[in-house]
1. Can you find even one residue in the range 182-204 that is in a helix (DSSP H, G or I), in contact with a Phe, Trp or Tyr (Cβ under 8 Å, 6 or more places away or on another chain), more than 24 Å from LYS272 (Cβ to Cβ) and hydrophobic (A, V, I, L, M, F, W, C)?
2. Please determine, by comparing only the residues of the range 15-48 that are free of Cβ contacts under 8 Å to residues at least 24 places away in the same chain and under 22 Å from the mean Cα position of the chain (by Cα), which one is farthest from ILE92 (Cα to Cα).
3. Name the residue that is most open to solvent (accessible area, probe 1.4 Å), counting only residues in the range 103-131 that are closer than 24 Å to ILE177 by Cβ and aromatic (Phe, Trp, Tyr).
4. Of all the residues that make up the range 150-175, how many are part of a loop (DSSP other than H, G, I, E, B) and either touching an Asp or Glu at 6+ places or on another chain (Cβ under 6 Å) or more than 16 Å from PHE102 (Cβ to Cβ) (or both)?
5. Of all residues in the range 160-179, which are within 15 Å of LEU15 (Cα to Cα) and either in contact with a helix residue (DSSP H, G or I) (Cβ under 6 Å, 6 or more places away or on another chain) or of a type in the set (A, V, I, L, M, F, W, C) (or both)?
6. Report yes if GLN100 is within 26 Å of SER153 (Cα to Cα) and crowded, with 16+ Cβ neighbours inside 10 Å, otherwise no.
7. Restricting the first residue to the range 228-240 and requiring it to be within 15 Å of GLU296 (Cβ to Cβ), which pairs with a second residue that is open to solvent by 100 Å² or more (accessible area, probe 1.4 Å) and assigned to a loop (DSSP other than H, G, I, E, B) meet a Cβ separation below 8 Å and a spacing of at least six or different chains?
8. How many of the residues making up the range 154-212 are more than 30 Å from MET117 (Cβ to Cβ), of a type in the set (A, V, I, L, M) and either touching a Ser or Thr at 6+ places or on another chain (Cβ under 6 Å) or exposed (fewer than 14 other Cβ atoms within 10 Å of the Cβ) (or both)?
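The values are calculated or read from the model by the stated rules, or taken from the named source; none is laboratory data. These numbers were taken from a predicted model, which means no experiment stands behind them. Neighbour counts are summed over all protein chains in view; Cβ atoms, including those assigned to glycine, are modelled from backbone coordinates with ideal geometry. Ligands, DNA and RNA are excluded from the accessible area calculation, which covers all protein heavy atoms including side chains. Shrake-Rupley method; radii C 1.70, N 1.55, O 1.52, S 1.80 Å.
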Amino acid sequence: MGANNQTWVREFILLGLSSDWDTQVTLFVLFSVTYLLTLLGNVLIVLLIRLDSRLHTPMYFFLTNLSLVDVSYATSIVPQMLVHFLVEHKGIPYVSCAAQLFFSLGLGGIEFVLLAMMAYDRYVAVCDPLRYSVIMHGGLCARLAITSWVSGSVNSLVQTTITFQLPMCTNKYIDHISCEILAVVRLACVDTSSNEVAIMVSSIVLLMTPFCLVLLSYIRIISTILKIQSTEGRKKAFHTCASHLTVVFLCYGMTIFTYIQPNSSPSVLQEKLISVFYAILMPVLNPMIYSLRNKEVKGAWQKLLGQLSGLVSKLRT
C-alpha cells in the first residue's frame with residue numbers, strides 16, 4: 001500500500017446505537033435519567049462513607065474507590081453519547097477519541113483490579129477475622145488502591161499508544177457507541193495481529209489474573225463459611241461478601257466473553273450492548289447493590305436521614 005494512502009484521519013464518526021431519530025430521542029431521555037442516577041447514587045455513597053465514622057473501614061475505603069471509578073467511567077462515555085443522540089453530525093476529533101479510549105480502558109482495568117483487592121479484603125475478614133485490623137491496615141489499603149489505579153492506567157497508556165499508531169487510511173466510521181479499542185483497531189488498513197495479541201495479553205494480566213485471584217479468595221471464603229457451626233454465623237459471614245460477589249459476577253462475566261479472544265469476539269451489536277451495560281447499567285447498579293444488601297450502609301442512611309429530619313424540624317421551629 002502506498003504511503004499516500006496511509007494518511008491519518010483527523011476525525012472519526014461514531015455510528016452509535018441507531019440512526020432512527022425517534023429511537024435516539026427515547027435513548028437520550030432514558031440514558032440521561034440513568035446517568036443522573038449514577039452521579040447521584042455514587043456521590044451519595046462517597047459522602048455517606050465520609051460522614052459516618054462507622055464506615056471508615058477497609059471495605060468502604062475500597063467502595064469509595066469503586067464509586068469514583070464508576071462515575072469517571074460513565075462520564076468518559078455517556079455525555080458525548082447523549083450529545084450525539086441529538087445532533088446529525090456524530091463526529092469526534094482524533095485526539096478526543098484517543099483520550100476517550102485511554103480513560104475508558106484505563107478505568108475499566110482499574111475496576112477489575114480493584115475488585116480483586118476487595119475480594120482479598122473479604123477473604124481476610126472471613127478467614128482471619130481476629131487479625132483483620134492488623135492485616136488490613138491503612139497503609140496496605142492505600143498501596144492496594146494505588147496498585148489498582150497505576151496498573152490500569154499504565155496498561156491503558158500502552159494500549160492507546162499502539163492502537164493510535166496504526167494507519168487508518170480513509171477509514172473514519174467507528175461502528176460503536178464510543179472509541180472502544182476493538183472497534184478502533186478494526187479501522188486499520190494494515191495487519192493488526194500484533195495489536196490483537198497485545199489486547200489478549202493485557203486481558204490476561206488485568207482481567208483473568210484478578211479474576212483468578214477473586215475465584216481463589218471465594219473458594220477459601222466458602223470453605224471457611226461451610227465450617228462455621230451455627231446457621232446464624234454462616235448467614236452473617238455470607239452477607240459480608242454478598243454485595244461484592246454480586247458485583248464481581250456482573251462485572252467480570254461479559255468482559256471475559258468480549259476480550260479474551262478478539263478474533264472470535266461477539267458481533268458488533270453485541271459489543272455495543274455490552275458497552276452500554278458497563279457504561280450505563282453497572283455504574284448505577286453498584287451503589288444500589290451495596291445499599292440494598294448491606295446492613296451497615298442501610299443503617300448509615302437511616303442515621304443520616306434521621307439527622308436531616310431533626311435539622312429540618314429545628315429550622316421550622
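1. No - not one qualifying residue is present in the range 182-204.
2. LEU47
3. My answer is PHE103.
4. Summing the residues that are part of a loop (DSSP other than H, G, I, E, B) and either touching an Asp or Glu at 6+ places or on another chain (Cβ under 6 Å) or more than 16 Å from PHE102 (Cβ to Cβ) (or both) in the range 150-175 gives 7.
5. ILE174, ASP175, HIS176, ILE177, SER178, CYS179
6. The answer is yes for GLN100.
7. Filtered contacts from the range 228-240: HIS239/ARG293.
8. 1
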